[in-house]
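Enquirer: Pasting a structure below so you can have a look.
All of the numbers you see were taken from the coordinates with simple rules; none came from a lab. Quantities reported herein were computed from a predicted structural model and do not represent experimental measurements. Here the Cβ positions follow ideal geometry from the backbone for every residue, glycine too, while neighbour counts run over all protein chains shown.
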């Protein structure tokens, strides 16, 4: 690839951007100024820095009261509170302009109040009571009624779903009309099919929750008899990864969990779906890959396995990098993704 030389105008543009950063009191690491900076981004930088000024935030290092076996709730809310894109969206109440429905976003309002209290810079509180937020959540999701222990991943899924419903930018859901096309195993055809399915999803469901947390899984099924490939695409908001067995206390890496999640699985005739070409159940292989990565990837470690008579929990330690997690091998061909 030929090298692109910087022009004097490029250098002047970068210098002006850095000047704006300094004047607005931002640290250099908070702003990414690329070599191919666009001149129109200068105005965008001004707008961004003005929004930063609007949010006067504290440290965010504030606890949540336990209102009755709500450790699962506290853990999830603290994680979401430190997800900057969602936090700022809630604190600035941008969802009031985004939502299509005329109904009051009751749960989103209460959730935003909890985040505002956690990030209040001068109230001096060391804990925040999420009781009202939890009460409204239980009204929306009666499954969580009572004061028994609940699953954190299940709570996260229900919470994101309810928040999305309240702030959906689209009108009431319409069934998607999916054309019946003959599937083929082509990189370009798969990409087109995946993009089409993703667009159909956005036609029904489009919100800040989708912007941040939604991705797309690609399931490929290969018939061992006729070599026919069948592709399906599903939207996900978290990845539930199996944990490999470990002997002698060996630490397992997150990459090993991802390898196990994406490895080919052989299906016998009893467990395999109907082959579209053979028109019968055949032995096949199935593989999962991530077709579209979300901006915020939520990973759930599935530590429970079920046997015929019992449920076992794995207590294996799983290590993971804080930065630089290479997810390229688990995406489409020639994918280069780091988290």
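Enquirer: What percent does the relative contact order of the stretch 261-330 come to when contacts are Cα pairs within less than 8 Å and at least six residues apart?
Expert: Working: 54 pairs, mean separation 16.6, N = 70.
Taking the mean separation of contacting Cα pairs over the length of the stretch 261-330, I get 24 percent.
Enquirer: Counting other beta carbons within 10 Å of each residue's own, what order do 209, 296 fall into, fewest first?
Expert: If I rank by nearby Cβ atoms, fewest first, I get 296, 209.
Enquirer: Sort 119, 198 so the one with the fewest other Cβ atoms within 10 Å of its own Cβ comes first.
Expert: By the 10 Å Cβ count, ascending, the order reads 198, 119.
Enquirer: Based only on Cα atoms, what Rg/Rh ratio does the stretch 190-330 have, Rh being taken as Kirkwood's radius?
Expert: Rounded to two decimals, Rg/Rh equals 1.01.
Enquirer: At a 10 Å Cβ-Cβ cut-off, how would you order 237, 79, fewest neighbours first?
Expert: Numbers: 237 19, 79 14.
Sorted ascending by nearby Cβ count, the order is 79, 237.
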